């Protein structure tokens, strides 16, 4: 989309110098444009917090592959004084037959799923931060460009006013008004430049690049995908990482309580023994049933504690699900409001453009004074800046809703900068 900026000039020569401003076109620099998908791909590939989450996930997967194994065998070697016993030297293998290995394996699998969900949650958080940084830079860059043109126009008007004052065409008051307009335009341009630099630093830090590296934004806005629906947004609740993590936490606590209770179940122990490592030693094999006699209360208390924690975690999971549902409904309403607001402000901006152009013609015809022209220009400028801000907010929200409906963060891996 192209946004035109009406030029108010007392002379046709100045008008011919700058008729319109294309806000959404990139500056002319010898750099490759960086799309938002490319930014997202680069952040996911290089951000240290995501690398840490990926390593934790890999670690939990590694633990899950061995968590269900039986206890390791033990060898006992003795140096006796006197006559050695038959089992002075032995190889012992304890076998858990009460289902402990299966429980530990399942707990480890659930912990790996939690680590994966945390990684997806971090991806979405980084995606939201990337969208905020990217479109904030777009917004501040277009704002700076608009205010730069305003400053150039105010400078031209001041020069023209000085010339007209010398020949007596305008009053000194109008001359002073043009000087004040230029000073205000310069001050706003300096402020806009600082805001653009801040947005640039924010995006570059996400990209793991030097803070002052210039980023060229392409023409137009990217469309995430098909238009989202409220139904699709609500259907994604169960797959949300926050909900999944809370549900898995409750299941893990139930399994841990069951595993603690299995301490009272007998184990089987296989032992190969030998009284001495030399010749003539007594040796043999023994199969034993290791049976705990009773529990003084410690195991029972630990099991009760885990069960209560599991019940509390189930309540927390339900509360988390309700919080996510409330968040999704709020996000959906904000998305609709920001979409409609952006469209309304776009139409308003186009009407202010026409008003500014008519005021320019009226000034050239001698029907309007300079103050009225400045007022029309101010109204158009404020409408344009308001639209740019609204459009940036809408783009951020549109990507967030796209991800919250369950769409992948990156459908294809694009070439990174």
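Each reported figure results from applying straightforward, stated rules to the coordinates on display, with no laboratory input. Note that the coordinates shown come from a computational prediction; the quantities given were computed from them, not determined experimentally. Using ideal geometry, Cβ is built from the backbone for each residue, glycine included, and neighbour counts are taken over all protein chains shown.
General remarks:
- Note on residue 148 and residue 72: the model spin-label points, each 7 Å out from Cα along the C-beta direction, lie 6.5 nm apart.
- Once C-alpha pairs closer than 8 Å and six or more residues apart are averaged by separation and normalised to the residue number of region 94-229, the relative contact order reads 26 percent.
- Full extension of the chain between residue 167 and residue 344 yields a length gain of 59.2 nm, computed as 0.36 nm times the residue separation minus the alpha carbon distance.
- Taking the chain and dividing mean pair separation by its residue count, relative contact order in percent (alpha carbons under 8 Å, at least six apart): 26 percent
- Potential lengthening of the chain between residue 232 and residue 55 amounts to 60.5 nm, from the contour at 0.36 nm per residue minus the alpha-carbon distance.
- Model label sites at residue 159 and residue 86, defined 7 Å from Cα along the beta-carbon direction, differ in position by 11.2 nm.
- The gain in end-to-end length when the residue 372 to residue 354 segment is fully stretched comes to 5.0 nm, 0.36 nm per residue minus the alpha carbon separation.
- The reciprocal of the average 1/r between distinct C-alpha atoms defines the Kirkwood hydrodynamic radius, which for region 260-348 equals 20.2 Å.
- Label separation (residue 308 vs residue 331): 3.6 nm, computed from points 7 Å beyond Cα along the C-beta direction.
- Normalising the average separation of contacting C-alpha pairs (under 8 angstrom, six or more residues apart) by the number of residues puts the relative contact order of region 329-399 at 50 percent.
- Using the Cβ-Cβ distance between residue 223 and residue 265 with R0 set to 51 Å, the FRET efficiency from 1/(1 + (r/R0)^6) comes to roughly 0.30.
- (i) 1.17; (ii) 1.29; (iii) 0.97, with the label sought being that of the calculated Rg/Rh (Cα atoms, Kirkwood Rh): (ii)
- Helical mean residue ellipticity (222 nm; -39500 (n - 2.57) per DSSP H run of 4+; nearest 500) of the chain: -23000 deg cm²/dmol
- At an R0 of 41 angstrom, the distance between the Cβ atoms of residue 65 and residue 191 translates into a FRET efficiency of 0.10.
- Centre separation in Å (Cα based) which lies between region 293-369 and region 128-158: 26 Å
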